1. Quick query: amide H of Val17 versus all other amide H atoms, modeled in the peptide plane; which residues come in under 5 Å with a sequence gap of 5 or more or a different chain?
2. With labels modelled as points extended 7 Å from the Cα through the Cβ direction, what inter-label distance (nm, one decimal) is found for Asp47 paired with Asp68?
3. Can you tell me the dipole magnitude for the range 15-70 around its Cα centre, using point charges on the Cβ only (Lys, Arg +1; Asp, Glu -1), in Debye to the nearest 20?
4. May I ask you to evaluate 6.51 cos²θ - 1.76 cosθ + 1.60, the Karplus curve with θ = phi - 60°, for each residue of the range 53-61 and list the ³J(HN,Hα) values in order in whole Hz, giving x for glycine and proline?
5. For a protection proxy built on the mean count of beta-carbon atoms within 10 angstrom, sort 18-31, 57-70 highest first, please.
6. Of Ala45, Val17, Pro29, which is farthest towards the positive pole of the range 15-70's charge dipole, taken about the Cα centre with +1 and -1 on the beta-carbons of Lys, Arg and Asp, Glu respectively?
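Just so you know, all these numbers are worked out from the coordinates, no wet-lab data involved. Because the structure is a prediction, the values reported are computed rather than measured. Cβ coordinates were reconstructed from backbone atoms using ideal geometry, including for glycine residues, and neighbour counts include every protein chain displayed.
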Amino acid sequence: MQEKNLGRAKTVRPIIVEVGGEPQGIVVPENGGFRFVAVRLPAFAIDGRHFETIEEARRAASVALRADKGNGH
């Protein structure tokens, strides 16, 4: 017999991180903060990093994008 009251896994909704109107990655809640998952090449410099706030992740993505553009990409 199956248990009817099994807890369902909480749905983790990713939040899109944009810089200049372009998505650079997403953040997912993790350990009281947010883990960044890159979706654009310049943002891979911060892929997997943990941030305390979404705004910290956005600023880091912005810095990564500027650094990439400064390298001629």
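1. Counting only residues 5 or more places away or on other chains, the set is Gln24, Gly25, Ile26, Val27.
2. Each label point is offset 7 Å from its Cα along the Cβ direction, giving 1.1 nm.
3. Numbers: 7 positive and 8 negative charges, 32 e Å.
The calculated dipole for the range 15-70 is roughly 160 debye.
4. Here the 3J(HN,Hα) series is 9, 5, 5, 4, 5, 5, 5, 5, 5 Hz.
5. Details: 18-31: 14.8, 57-70: 17.1.
In descending order of packing, they fall as 57-70, 18-31.
6. With unit charges placed on the Cβ atoms, the residue in question is Ala45.
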